[in-house]
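Novice: Just passing along the structure, written as C-alpha cells.
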Amino acid sequence: MTDLDRATLLDQLLRHVREELATGVPPEQITADAPLLEMGVLDSVRTARLLAHIRTAHGVRVPPVHMTGEHFRTLDTITDLILLLRSPTASL
C-alpha cells in the first residue's frame, strides 16, 4: 500500500470512530495519535464494533493474537495493524 492509501485508511478509521462509536469524547480530541484506551474511546463493546467495521469495510479479520493494547493504542497503530494483516506476506 502506498502512503496515500495509508492516509486514506487512517482518515476512514478516524471518521468511523468519531461518528459511529459514540464515545462521549469530543471528536476533535480523537486524533491519529490519541491514546484510545487511556481516553476511554475504546472499551470492550466499542472495540468489538470497531473490529466488525474493520472486517466488513476493509476485509480484514483481526486474529485474537493481535488484539492487544499495543495494536489498539492509537488509530495510527490500528492502521498499521490493518496494513500488516492485508499484506500478502502476513503470517497469521
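Novice: With each pseudo-label sitting 7 Å past Cα toward Cβ, what's the Ala52-Gln12 distance in nm, one decimal?
Specialist: 1.8 nm
Novice: Report which label in (1) 18.7, 57; (2) 12.4, 38; (3) 12.5, 41 holds the value of Rg and Dmax of the Cα atoms in Å derived from the coordinates of this structure.
Specialist: So the calculated entry is the one marked (2).
Novice: Next up: Please determine, in degrees from 0 to 90 and to the nearest 10, the orientation of helix 44-58 with respect to the longest principal axis defined by the Cα atoms of the chain, where the helix direction is its Cα long axis.
Specialist: 40 degrees
Novice: While we're here: Below 8 Å, C-alpha to C-alpha, sequence gap of six or more: please give me the relative contact order for segment 3-86 in percent. Provide the component values of the computation, followed by the final result.
Specialist: Details: 65 pairs, mean separation 29.2, N = 84.
The value is 35 percent.
Throughout, read-outs are computed from the coordinates displayed, never taken from laboratory work. All values derive from a computational prediction rather than experimental measurement. Heads up, the Cβs are rebuilt from the backbone with ideal geometry, glycines too, and the neighbour counts pull from every protein chain shown.
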